[in-house]
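In what follows, a structure is listed as structure tokens, so that the remarks can point back to it.
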Amino acid sequence: MAPSSTEIKSIFESHILSQTKPGSDASGSAHPGHLFHLFTDDVDFQIPGDGFSLACQVRGKQAVETYLARSKASFSSIMDPSKPVHVEVVQVMGGGESQWATAVLKTTTTTKTGESLSVQLTITWRLT
């Protein structure tokens, strides 16, 4: 049986907290790359969008790693590193009796121009 949705939420929250502790590069927590170690070699990774610079559809851990390295630079170029980054696990669905789970993560920070930036990310995966 897969971990329950409560257990999955706890795993995400503890990982996020470890990535945003004082002295760490908190800008990475606003970016899905901090979850890279959870991916399998045959991962399908997609960020939907049309005309959106971060939109992608890639397959395979190496291709995802390359994409994430490029896109992290994009996130870092707009985020103000002197401002806090708040990441929360909004909801986890699935797990337990189901081998599938979806997590909704929300990141809030400030851009270099002083504007608030809020990004929601939904991750769906099969628990093996």
Whichever residue in segment 65-106 is within 23 Å of Leu127 (Cβ to Cβ) and charged (D, E, K, R) and, among such residues, is modelled with the highest pLDDT: Glu97
Restricting segment 65-90 to residues that are surrounded by 13 or more Cβ atoms within 10 Å (Cβ to Cβ) and polar (S, T, N, Q), the residue that is nearest to Asp41 (Cα to Cα): Ser71
Residue in segment 116-126 that is assigned to a strand (DSSP E or B), farther than 30 Å from Met1 by Cα and over 16 Å from the mean Cα position of the chain (by Cα) present: yes
Restricting segment 101-115 to residues that are in a strand (DSSP E or B) and in contact (Cβ under 8 Å) with a residue 24 or more places away in the chain, the residue that is nearest to the chain's Cα centre (by Cα): Leu105
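The values are calculated or read from the model by the stated rules, or taken from the named source; none is laboratory data. Predicted model only: the values in this text are computed from it and were never measured. Virtual Cβ from ideal backbone geometry, glycine too; neighbours counted across all protein chains shown.
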